[in-house]
Every structure is written in structure tokens, then in C-alpha cells.
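Inspection log for the structure reproduced underneath, given as C-alpha cells.
The values are calculated or read from the model by the stated rules, or taken from the named source; none is laboratory data. If you're wondering where the values come from, they're calculated on a predicted model, not measured in any experiment. Positions of Cβ are backbone-derived with ideal geometry, glycine not excepted, and every protein chain shown enters the neighbour counts.
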Ligand code: NAD
């Protein structure tokens, strides 16, 4: 097993992946930041005469995420020198580089098939000793890795950061049934000492602990709001600053998380539990589905319950 974690690879450069890479940069850990290869040119790329084979196009998603980081101020200390600790790339051309890191963290869309297929690709380039984890909000760690080899599974676990990773102290660590206890211990100690987190070890049950409770609370709030005719402003006024939680009001939180991701996270429980009362709460409402269908998925799209103007 690697003696300590000095270099990482973050796979997925969306809301969480980019911020996790920034948090690692802030504590002095360089990382690769990889995302998928775009399938179409933007108007700007076309005007520049670029082709889909050009590295600037192939690395576009991770590079764009990196460019946005100073604007979201992952740290008061954030500067270009820290940004230089993050190396953008793409999964097709650069995944082989994970053989040279100590920790790979998977941070792609909350979808079992996508995560399973990414783990299969990761295993092809993986070297024993490299820890691999998932930032899933609640998909089963065992199911995700079920087709992988025994040695890989021994090194695989869940490391669930909360949004925004720089400010949220909680980290859930979720061992799979084959995870080496020494690796669980190592990640917990590293997360607390190097990343400044407060670790809770959770069982591999749908949505683990925090999202089993937290998602329930948010979904019930949405139901009561609809039944009683409360407004978004009213609900946020009483669930945010007035409770001493300036950034945690119900709808502000949903916009920050991303409504598409939130629907996937609610579905994690809805699809797995038999209990009728839980299923009735976790079934994503028509309102949420309609908003996702319209692309009103929150801050990352510029519009959700609130609109960026
Ligand atoms: P996001 O939608 O912002 O980003 C997902 C990234 O995955 C995108 O950059 C996308 O290009 C990439 N991707 C899409 N399809 C892919 C594929 N087939 N292969 C590889 N990459 C692909 O999502 P996010 O909010 O950053 O969430 C990422 C993970 O973190 C999810 O598992 C989510 O449940 C978890 N998470 C999210 C939050 C949150 O508040 N948003 C909090 C904790 C955990």
C-alpha cells in the first residue's frame, strides 16, 4: 500500500470533482482532473478552426471547470500557483496516468452503469497500492465494484464529500464488503489530518446516513410546501439564515446540489426500499422532474429555483 497520499486523480470535473481537486490543491496535493471527451465542437471552437481531435477540445470540460475555480473561491488563499497543481485532461487519453498517483477518486454522474463502466476502465490502468474511491451520494459501493477483481475491491471504498467540499466538514467513508480495513483506517486518518474532515464510517445502505436523512427532509419539505401553498421565499426564510444556516436554506441547497443529481439521489432510495412510507417520500415529484426536463437544474445551469441574472 502507498505510504501516504501525495498525488491524486479526480475523475469527473463537475460541481463536486472540480471543488474536490481545488480542496486537494489547497492542502498541497496535486491532482489530475479528468472528464469525458466532448462529442461536438462549440461555435467558438469551430470559428477557431479546431477539430474534435484537438487537445484543447478533448480536454475542454476539465479545463473549463478549472477556469471557473477562482470565481467560486475554494479558499481565501486560492491563487494561480494552486491552480497549477491541477492538471486537466480527459479519460480516453490520460487515464493511464493514474498508475502514478496514490488515490483515484471517481466523481462522475450519479448513475450505476456509468460508474461501473468507469471502474472497469480504471482497473485496466490500476496498480496495486493505489486507493480508488467513489464520491457517490448513495449508490452501493459493493454493487459498483461487483465485476472488479479481488485485489481491486480490497483497495476500493466510498469517500463521500459534501458540497461545498471546502466548507463542509463531514465526510462519510463507506467500506465495501471486501475493502481492506487497513485502507479504511488510512483514508479516515488522511481525511481527518490532511483534508480537515470529520469522518463518519457508514454502512453500504442506500444513500448511506447523511443523504438517507437529509434527502428525506428536503423531499418532505417540498411536499408540505406544495400541500400548504408555501412559497420558495417563505420556506428559505425559515430554513436558512433564521436558523443560523446562511447557506443551507432548502431551495438554495437544491440549486447548489443540482436538481438532476438530487433526483438521482432520491431515486437511489426509491428504487431500493420496499417500505411504502419511505417510497412515497423518496419518489421524486413531478415538479422536480419537470424542472430537470426544462434544464432548470440549479446553479450549474444558471437557473433552478433561483435564476442567475
Ligand atoms: P455534475 O453533474 O456536476 O458532474 C458530473 C460530471 O460527470 C460531469 O463533468 C460530466 O461530464 C461527467 N460525466 C458524465 N457522463 C460521464 C461518463 N459517462 N463517464 C465519465 N464522466 C461522465 O455532478 P456532481 O454534482 O459533481 O456529482 C458527481 C458525483 O458526486 C455524483 O456521484 C454525486 O451524487 C456526488 N455528490 C454530489 C454532490 C452535490 O452536491 N452535487 C454532493 C456530494 C456528492
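In table form, for the structure just shown:
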{"quantity": "Test: residue 117 is in the same structural domain as residue 189 (by TED's automatic domain parsing) and in contact with a strand residue (DSSP E or B) (Cβ under 9 Å, 6 or more places away or on another chain)", "calculated": "no"}
{"quantity": "Top-ranked residue in the stretch 152-179 [being within 10 Å of the ligand (Cβ to nearest atom) and either outside any strand (DSSP E or B) or not assigned by TED's automatic domain parsing to the domain that holds residue 140 (or both); ranked as modelled with the highest pLDDT]", "calculated": "162"}
{"quantity": "Residue match in the stretch 229-237 (condition: touching a residue at least 60 places away in the same chain (Cβ under 8 Å) and surrounded by 13 or more Cβ atoms within 10 Å (Cβ to Cβ))", "calculated": "yes"}
{"quantity": "Residue 204 assigned to a helix (DSSP H, G or I) and either over 20 Å from the mean Cα position of the chain (by Cα) or crowded, with 19+ Cβ neighbours inside 10 Å (or both)", "calculated": "no"}
{"quantity": "Tally of residues being in a loop (DSSP other than H, G, I, E, B), buried (at least 23 other Cβ atoms within 10 Å of the Cβ) and more than 8 Å from the ligand (Cβ to nearest atom) across the stretch 131-151", "calculated": "1"}
{"quantity": "Yes/no for residue 253 being at pLDDT below 95 and within 16 Å of the chain's Cα centre (by Cα)", "calculated": "yes"}
{"quantity": "3 or more residues within 14 Å of the ligand (Cβ to nearest atom) and either modelled with pLDDT of 95 or more or over 15 Å from the mean Cα position of the chain (by Cα) (or both): qualifying helices (runs of 4 or more DSSP H) within the stretch 1-106", "calculated": "15-26, 60-68, 91-94"}
